[in-house]
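The values are calculated or read from the model by the stated rules, or taken from the named source; none is laboratory data. This is a predicted model, so every value here is computed, not measured. All Cβ positions, glycine included, derive from the backbone under ideal geometry; neighbour counts span all protein chains shown.
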């Protein structure tokens, strides 16, 4: 083994009591034979008293684009079903963990992620935050700035992007775009072609973003409008915005009703405004009153201006782009997931 993998194997040996706290580790050994052999053999006893041997292939670099080869080597090195194959790494992303499960292989990482499953036993722990981020790579594809790039590519899933075009579309530095696109390739969400970068699995990428997304990251405050008719209210919103040249974008069920109606009867209207100063201007212009319960208006201040990407006018009303609308709907407890999936089938089609 190379020195890096040797050190990593040693780190794993020291961390096993923490990583496998619900199991009793009775024996460990480090294999230093063929290149394809698992580095660690770990004998464990389950709470039910059953013994199992784990064959742990330790990988310093376990990005999804390298995992298929690692899993192939692991299976070839130890095809017997008497042992349980495990991939070990410093940190495994959600995409990497998904690939392991799809191949019937368990996993462990030093951050605490764990998945072991065999007849009569199941152990799973999830740690989404990477405590050991690689230099030059974003900690997540879905942070405020990084998600601008993801959003742009998901809005045009078949487009082949040049770096300069992504920079112009997202107002993100070339350096950050380079880091994000490398991670997209590492995670097997995108591929490099002769013409640039193209998404390979837009649906899987959107699923990953959806699972990490929370609408609460965009501060929202509830208000009561004396205009009870949602259509009349939004007509007033459009008129005020045009008169003052204010930036806004309707989201959630109000926007869905204009482009992909499915769930009906939700009267509350939510829209993004520029910032807290803009919020107060909207409150005054529409004569809104604070509402601690039962608001029919929610004004949201975005964590990042990326929420306005691909905003468009529908019947004179500005609504968010399809990706932002899907994310916001999916996190709405009032049948939002049903509406989100209907919109996805109708507009996104992946």
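Observations on the structure shown:
- Here residue 54 meets each of (1) part of a loop (DSSP other than H, G, I, E, B); (2) touching a residue at least 60 places away in the same chain (Cβ under 8 Å); (3) over 24 Å from the mean Cα position of the chain (by Cα) with one exception, condition (1).
- Residues being more than 19 Å from the chain's Cα centre (by Cα) and under 20 Å from residue 110 (Cα atoms) - total across the range 69-99: 10
- For residue 148: the one exception among (1) closer than 30 Å to residue 192 by Cα; (2) in contact (Cβ under 8 Å) with a residue 12 or more places away in the chain; (3) outside the structural domain of residue 202 (by TED's automatic domain parsing): (3)
- Checked against the criterion of being at pLDDT 95 or above, touching a strand residue (DSSP E or B) at 6+ places or on another chain (Cβ under 9 Å) and farther than 30 Å from residue 8 by Cα, the candidates 190, 169 yield just one match: 169.
- Condition check for residue 255: touching a strand residue (DSSP E or B) at 6+ places or on another chain (Cβ under 7 Å) and outside the structural domain of residue 153 (by TED's automatic domain parsing): yes
- Only strands (runs of 3 or more DSSP E) whose full extent lies in the range 67-185 are considered here, and the ones with at least 1 residues that are closer than 23 Å to residue 39 by Cα and touching a helix residue (DSSP H, G or I) at 6+ places or on another chain (Cβ under 8 Å) are 83-89, 106-109, 114-118.
- Subset of the range 318-350 that is outside any helix (DSSP H, G or I) and touching a strand residue (DSSP E or B) at 6+ places or on another chain (Cβ under 6 Å) - its residue that is farthest from residue 262 (Cα to Cα): 318
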